[in-house]
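Structure, as C-alpha cells:
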Number of protein chains: 2
Amino acid sequence: MAITVCFSVFLLVNILQLNALPAFEYNQTSTVIVPKSIGQPWPMPAKYSSNSDLYSINSENFKFIPTGESCDVLYQAFVRYRRILFGRDQEVLKFKPHGKHSKAGSFDILYVNQLNRCDTYPSLNSDESYTLSANASGLHLQANSVWGALRGLETFSEIVYQLDDGTFVINGTAISDVPRFKHRGLLLDTSRHYLSLKTIKDNLDAMAQVKYNVFHWHIVDDQSFPYQSSMFPTMSQEGAFDQRHIYSQSDIKSIIEYARLRGIRVIPEFDSPDKYIHLGGDEVSFSCEIFYRKSNPDITKFMAGKTNKQKKKKKWGFASNYSRLGEYYSRSILLDIISDLKKGYIIWQEVIDNGATVSIGSADTVVEVWKSGYPAELEKITKLGYQTILSSCWYLNYIKYGSDWLPYYMCDPHNFNGTAKQKELVVGGEACMWGEYVDDTNLMSRTWPRASVVAERLWSAVDSISDTAGVQNRLEEHRCRMVKRGFPAESINGPGFCRDEFVPHE
Amino acid sequence: MAITVCFSVFLLVNILQLNALPAFEYNQTSTVIVPKSIGQPWPMPAKYSSNSDLYSINSENFKFIPTGESCDVLYQAFVRYRRILFGRDQEVLKFKPHGKHSKAGSFDILYVNQLNRCDTYPSLNSDESYTLSANASGLHLQANSVWGALRGLETFSEIVYQLDDGTFVINGTAISDVPRFKHRGLLLDTSRHYLSLKTIKDNLDAMAQVKYNVFHWHIVDDQSFPYQSSMFPTMSQEGAFDQRHIYSQSDIKSIIEYARLRGIRVIPEFDSPDKYIHLGGDEVSFSCEIFYRKSNPDITKFMAGKTNKQKKKKKWGFASNYSRLGEYYSRSILLDIISDLKKGYIIWQEVIDNGATVSIGSADTVVEVWKSGYPAELEKITKLGYQTILSSCWYLNYIKYGSDWLPYYMCDPHNFNGTAKQKELVVGGEACMWGEYVDDTNLMSRTWPRASVVAERLWSAVDSISDTAGVQNRLEEHRCRMVKRGFPAESINGPGFCRDEFVPHE
C-alpha cells in the first residue's frame, strides 16, 4: 500500500434496506437514464422524417451559402452556428450511427435560401417557418423570412452529430417546420435579484436553442428599480439595490441587439396598480416608462423627495415633474394612448377580470392568463374576443424535489372549451422564472432544461409529441446538447450522465 | 428617441392583485433582505466578543508569522488565506464600519503560535481549538494543533473587512473557539451522477470555509462504479457510466491531499447488502475495496464474466478471484477484520436495528442515524454504548420552493432523551447531498450556502446561536462572502443582493 497513513480511519458500511421506507426516508430505487436519442431535434419539427442514409459533413471546409436574400442577422448566424457545430470547444456529441446506415455521400455546404428581404426586428406575426432537407442533392434550408432561416439553422445544428471516429454526419432528412404558437416567451425577473448581462445573454442563447421568440423582462418592481432612465436617472440612483445593480441605456441596447440577432423580441414590463406611464420620451431602448408607483410607499416618498437619504443629501425628487404627468391618470386613457401610438400591449388577466374599460380595438391586445383555473379564464377571455397567452401552469420558479417536467409538458394552451375561432385567439404562452430565489448563482441551472419543455409545447404540433417515452429520450439528448454548448442545464430525470459533462468554471 | 424601431411592440401592464390568492398562485409579498452583518464569522465561535476599536490591516505587506511549530499544511494555508483576504479577485467585502469606532492602530502581521508538532492527517480526535485576538498588542492566533490553526485562520479571514475607501480593518476581537462536535461531515454521491475533480475540490474549499472536517464520499453504488481500482481495473471499465466518468488512483490521491491541507478527512463508502470486502491490498488511497455486489445482477453477471459486452469481447470476469474471497463472507467476520486492522468504521443504523453481531469493542465504531424518528434511535444507539452521528434531518438533496434552511438549523443532535454520558456518545453529524438530481451543473449552488447551516449547528455552542434574527443576518453576510470567494452559493432568504455578486463563467 503506497500510502497507508494518508487516509481515513473510517470505513463506511452501508447495508441499506430499501423496502417499506416511510415517505420522508430515502428511496434510492431510481434507475439510470442512458441516452437513447441521437441527432434528434428539440423542439420536434411539425413534420420530420429521417432515414438510414448517412451523409458525412466536411467540418474543415464547411460553408453556409445564401442563395436568396441576406443580411447581418443571417451572416452572424452563420458564424455562430459554425462555432456551435464544429468549434473546438463546441463539438457536437460523438456517437455510433443509430440503426443500420449506408454511407451515402459527403457535403460541405448548406444552401440557405431566404426568400424575402430581412426584417430588422422580429414581431408577433413574423413568419418562422422553414424547410430543411438532407438528401442526394445536398443540404438545403429554405425560409420565407430571416427568422425562419434562424430556426432552420438551429435545427440543422441539432441533427448533425459526430461518430466515434470523429466524422460529422447527418442522416437523410426531410423537415417542414412551422411553430404552433407565435408568442413563445420566457419571463426573467431582475427586480427581486439582479441578473448580470452575461446571465441574460446566456439565457437568450439557451432560448434560441429551443426557439423561444420573446424575452419578457420583468425589469423593475417594488423590490428594486435597476432600470437607469436617461430622463430620470435618480429613479435607479434611489431605487436600485446599489449602483452596481443597474442596467444602463447601453446595457439595455446590447441586450436588445443580442436578442434581435437570435430572432427574440424583448418585452419590458413596468408594473404597479394604478400606474402612471409616460409613453414616448427619449429613452434609447424602452418606449415607455413608469413615473409613479402608488403601491410602494418608498418610491412615493422618493418621488416626492422625502426619503431620509434625499433629505440628508438635499436631493430633489420628481415633484416638479408631476405636472407633466397630470394628463395620464387613468388606465383607460393609458391604453388609448398606447393604441394611438400603434404600440401593442400585453395586460395581465386582472384588467379583464375587473371589467376595466379596455380599448380592445387593436389587433395587438394580448391578455396574459397566469392564475389557476386557467381553462375557464381562457374560455372567457377568448369569448370576449381578446388574444391571449398562458403562463399559469409554467411558473418554473416553483421547484420541488425530483423530476417535475412532465406536468409542464402536458399543460396545453388549447385545453379549454371553446370554438375553433376562440382557440385561434390563443397566440402562445410564457414560462416564468420569478426572481425571489434565483440570481447569477443558479438562474441558468434552475431554468434549463426545464424551460425547454414549455418551448416544445409551444412550438411543436400536438400529434408530433405524443410519444412520451420518445420525448424523454429526446429531452435527455437535448439536455446533454445544452451542457455540451456550455449551459449548466441540470439533470431532471434521475441518475445518468452526459458523454460530455458540464465543465465548471476554473 | 434614438432607437425607435429596435424595440418590442408590446408593453406589459401588470396590475397584479396580491390579496386572497389561492395557494398555487403567485405571492410576491416577499421583502428585501439587506445585509446587516459586517465582519461576523460563520460558524459562530464558542466565545466571541468584539469592540469598537478599529485596527487597519496593511494588505500590501501583510505577513503570517509562525511563532511555534510549523509545517507544509500551515505554510500552504498562509498562501491560501493571503489570497482569500487580499487577492485582487478575492477581496473581502467593502463596508462602512458598523457602529461607532475609534481608529486604534495598524497591523501587518498575524502571529500564529501552533504549539505541537503537526499531524500529517486529521483524525476523529484532532484538537481543533484555537484562540484569536486583535487588540493593542497585535494580532495573535494560538492553537494546540495545526488543524486548530487552520480553523483560526479561516475565522481571521472572515472578521477582516474592507471600508469604502479600500482600507482593510478588523475590530478589537477576542475569540476562544472549540467545536461542539468532532465529526462534522458532508456526503457527496458520485454514483448517481459523476462529479468532476474541480467540483469536488470547490466543495472542499467551501467545506473548509464553514469548518467541516469530514468528506463522506459515496463514491460507488448500483448506478455506477467510477472508482478505478488498481487491482481490478475491469470493475470501473464495466461499471462506470463510461471511461470519462472515472476516478483514477491519482485523481483520488489529489482529492485526499486537497482535503488534508484543509483539515478534512475523506471517508469513502463502498456499500451493498451482504457484501464481500477486501481489506488491505495495494490500492494507493483506499484501504478497502468491494469485490462483489449481490444486490446488482449486472455486477454479479459482470464478475462472472457473463455480460453481453464481455461475451462479445471475450473478456474475463472475476470468477478466478472468487476463491480469494471465500473467507470474507459474513458481516460479522468483516467487522472483526476491520477491528483487527485497527481501522475505525461507520455503519448505517440498520446494522444495529437488525441486531447484527457487531463487534463494538472498538472505540472507533460510529453508527450513522439517517432514518426518521431519529430521537428514539439516538436514544437506543447510545444506550447500547455506541458512538453515533446524525444525518436524518439534513438531507439537503430534498429541495422545495422557498427558504428552507431554518428546519435544518433547528435540528439538534442532542434532541433526545438520554443521560449526559449518552449525549457524549453523539460525536457529530452529516449533511447529505445525494446525487439523483445533482451534477456539475448545479451541485455547488444547491449545496451552498444550505450546508453551512448544518456546519454551524455542528460547530457552535448552542447558547451562542440562539438569536435567530442575528443568525439570518450573519447567514446573509456568509452567503455573500461565499459568492465573493467565487462559489455560486444561491440566494436562500428571498429578494436581495450581494455587494459583489457571483461572476458567471465567461
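Condition check: of a type in the set (Ser, Thr, Tyr) and buried (at least 22 other Cβ atoms within 10 Å of the Cβ). Does B:Ser460 satisfy that? It is true that B:Ser460 is of a type in the set (Ser, Thr, Tyr) and buried (at least 22 other Cβ atoms within 10 Å of the Cβ).
Can you spot a residue in the stretch A:189-212 that is more than 8 Å from chain B (Cβ to nearest Cβ), assigned to a strand (DSSP E or B) and not aromatic (Phe, Trp, Tyr)? Yes, the stretch A:189-212 contains a residue that is more than 8 Å from chain B (Cβ to nearest Cβ), assigned to a strand (DSSP E or B) and not aromatic (Phe, Trp, Tyr). Can you spot a residue in the stretch B:45-58 that is farther than 30 Å from B:Thr120 by Cβ and at pLDDT below 90? So far as the stretch B:45-58 goes, no, none of its residues is farther than 30 Å from B:Thr120 by Cβ and at pLDDT below 90.
Here's the yes/no breakdown for (1) modelled with pLDDT of 90 or more; (2) crowded, with 18+ Cβ neighbours inside 10 Å:
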site: B:His193; (1), (2): yes, yes
site: B:Tyr227; (1), (2): no, yes
site: B:Phe232; (1), (2): no, yes
site: B:Met235; (1), (2): no, yes
site: B:Asp251; (1), (2): yes, no
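For B:Leu141, state whether it is touching a residue at least 60 places away in the same chain (Cβ under 8 Å) and crowded, with 24+ Cβ neighbours inside 10 Å. So B:Leu141 fails the test. Looking at (1) farther than 24 Å from A:Ser491 by Cα; (2) modelled with pLDDT of 95 or more; (3) touching an Asp or Glu at 6+ places or on another chain (Cβ under 6 Å), which is the only condition B:Lys423 fails? Evaluating B:Lys423 over (1) farther than 24 Å from A:Ser491 by Cα; (2) modelled with pLDDT of 95 or more; (3) touching an Asp or Glu at 6+ places or on another chain (Cβ under 6 Å) leaves (3) as the failure.
Examine the stretch B:64-72 for a residue that is in contact with a Cys (Cβ under 7 Å, 6 or more places away or on another chain) and surrounded by 13 or more Cβ atoms within 10 Å (Cβ to Cβ), and state whether such a residue exists. Yes; the residues of the stretch B:64-72 include at least one that is in contact with a Cys (Cβ under 7 Å, 6 or more places away or on another chain) and surrounded by 13 or more Cβ atoms within 10 Å (Cβ to Cβ).
Residue by residue, here is whether (1) at pLDDT below 95; (2) more than 21 Å from the chain's Cα centre (by Cα) holds:
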site: B:Ala363; (1), (2): yes, yes
site: B:Ala376; (1), (2): no, yes
site: B:Leu384; (1), (2): yes, yes
site: B:Pro413; (1), (2): no, no
site: B:Glu436; (1), (2): no, no
site: B:Val453; (1), (2): no, no
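When the residues of the stretch A:272-294 are filtered to those that are assigned to a loop (DSSP other than H, G, I, E, B) and crowded, with 21+ Cβ neighbours inside 10 Å, the one that is modelled with the highest pLDDT is A:Ser272. Only a single criterion out of (1) modelled with pLDDT of 95 or more; (2) surrounded by fewer than 23 Cβ atoms within 10 Å (Cβ to Cβ); (3) part of a strand (DSSP E or B) is not satisfied by B:Gly185, namely (2). Condition first: assigned to a strand (DSSP E or B) and of a type outside the set (Gly, Ala, Ser). Now tell me which residues in the stretch B:127-153 satisfy that. Scanning the stretch B:127-153 gives B:Tyr130, B:Thr131, B:Leu132, B:Asn135, B:Leu139, B:His140, B:Leu141, B:Gln142. Taken across the stretch B:485-501, residues that are more than 9 Å from chain A (Cβ to nearest Cβ), closer than 28 Å to B:Val178 by Cα and not in a loop (DSSP other than H, G, I, E, B) do not occur at all.
Here B:Ala174 meets each of (1) buried (at least 20 other Cβ atoms within 10 Å of the Cβ); (2) modelled with pLDDT of 95 or more; (3) not basic (Lys, Arg); (4) not in a loop (DSSP other than H, G, I, E, B) with one exception, condition (1). Picking from residues in the stretch A:444-478 that are part of a helix (DSSP H, G or I) and facing chain B (nearest Cβ under 9 Å), the one that is nearest to A:Ser126 (Cα to Cα) is A:Met444.
The condition of being assigned to a strand (DSSP E or B), touching an Asp or Glu at 6+ places or on another chain (Cβ under 8 Å) and over 28 Å from B:Ile57 (Cβ atoms) does not hold for B:Leu124. Pairing residues of the stretch B:222-238 that are farther than 14 Å from B:Ser248 by Cβ and within 14 Å of another protein chain (Cβ to nearest Cβ) with residues that are among the hydrophobic types (A, V, I, L, M, F, W, C) and in a loop (DSSP other than H, G, I, E, B), at Cβ distances under 7 Å and at least 6 apart in sequence or on separate chains, gives B:Gln223/A:Val32; B:Ser224/B:Ala240; B:Ser224/B:Phe241.
The values are calculated or read from the model by the stated rules, or taken from the named source; none is laboratory data. These numbers come from a predicted model, not from an experiment. Using ideal geometry, Cβ is built from the backbone for each residue, glycine included, and neighbour counts are taken over all protein chains shown.
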